[in-house]
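The structure follows.
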Amino acid sequence: MNTALIVILGAIVFVGGFFVVLYNGLIRLRNKADEAWSDIDVQLKRRYDLVPNLVEAVKGYAKQEKSVFTEVTKARAEAMKAEGPAAESKAENMLTETLKSLFAVAENYPELKSNTNFLDLQKQLSEVEENIQKSRRYYNGNVREFNNKIQVFPNNLFAKMLGFGKYDFFQAEEGEKENVKVEF
């Protein structure tokens, strides 16, 4: 009887310890994914702050390109109000496309391309875009790690019961995955 009690207590301690280790590990991974998402938000905020300045710099040179400015402003507003990885991915990809058209307009104005304010804004935006890509990769790495943890056996049996659900990756739109067509 004494041996049976020890075995039962040992099993309870083992199962309890398993739950504590699993739960704490999931919390750590979820917090890392949330922190990585916050890093993306910080970089996107920097980008949102730069876009109006960039538009204003180009506006002075390209007054007849009003539709481009409208599209960039609209895409920025949509991106700022998007929530969650799927919606933000889509909105950010749209903003990226409109910024490409803004830079295409700028190519038609040699004086603008030599304007130090424009060049500085362009350089800052390029740095922010690079940081956004790094933040996306970091976020996706943390999401992969978290999703793996909640989907492997035996964790998958308990993760949902403990309130942990799968995170979405920050993904590129289908159009961004296609090869770029270069014509001379």
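Kindly provide the GluC sites (Glu not before Pro) of the range 33-91 that DSSP labels as loop, not H, G, I, E or B, and whose Cβ sees at most 14 other Cβ atoms within 10 Å.
Answer in residue order: GLU83.
Which ordering of ASP49, ASP34 is given by a fewest-first count of other beta-carbon atoms within 10 Å?
Fewest to most other Cβ atoms nearby, the residues stand as ASP49, ASP34.
What size of dipole, in debye to the nearest 20, comes out for the range 2-167 about its Cα centre when the only charges are +1 on Lys and Arg C-beta atoms and -1 on Asp and Glu C-beta atoms?
Dipole about the Cα centre, nearest 20: 460 debye.
Let me ask another. May I ask you to derive the relative contact order of the chain, considering only C-alpha pairs under 8 Å and at least 6 residues apart, and to give it as an integer percent? Each step should come with its number before you reach the end.
Values: 129 pairs, mean separation 57.5, N = 184.
RCO, the chain: 31 percent.
How about the range 35-74: which trypsin sites (Lys or Arg not before Pro) there lie in a loop by DSSP and see at most 13 other Cβ atoms within 10 Å?
For trypsin sites (Lys or Arg not before Pro) across the range 35-74 that sit outside H, G, I, E and B with at most 13 neighbouring Cβ atoms in 10 Å, the list reads LYS63.
In straight Cα distance, which aspartates and glutamates are under 13 Å from LYS166, not counting same-chain residues fewer than 8 positions off?
Hits, sequence-local ones excluded: ASP34, GLU145.
Determine the distance separating the Cα centre of the range 101-158 from the Cα centre of the range 42-69; give it in Å without decimals.
Centre-to-centre distance over Cα atoms comes out at 18 Å.
With just the Cα atoms of the range 21-157, tell me how far they stretch along each of the three principal axes, in Å, largest first.
Result for the range 21-157: principal-axis Cα extents of 63, 24, 18 Å.
Of the options PRO110, ASN156, GLN171, report the single residue whose Cα projects farthest towards the positive end of the charge dipole of the chain (beta-carbon charges: Lys, Arg +1; Asp, Glu -1).
Farthest towards the positive end: ASN156.
Just to be sure I understand the model, the point goes 7 Å from the Cα along the line to the Cβ. What's the resulting PHE14 to GLN171 distance in nm?
Spacing of the two 7 Å Cα→Cβ label points: 4.1 nm.
Each value in this text was obtained by applying a stated rule to the coordinates, not by laboratory testing. Quick caveat: nothing in here was measured; it's all calculated off a predicted structure. Reconstructed Cβ throughout: ideal geometry from the backbone, glycine too, with neighbour counts over all protein chains shown.
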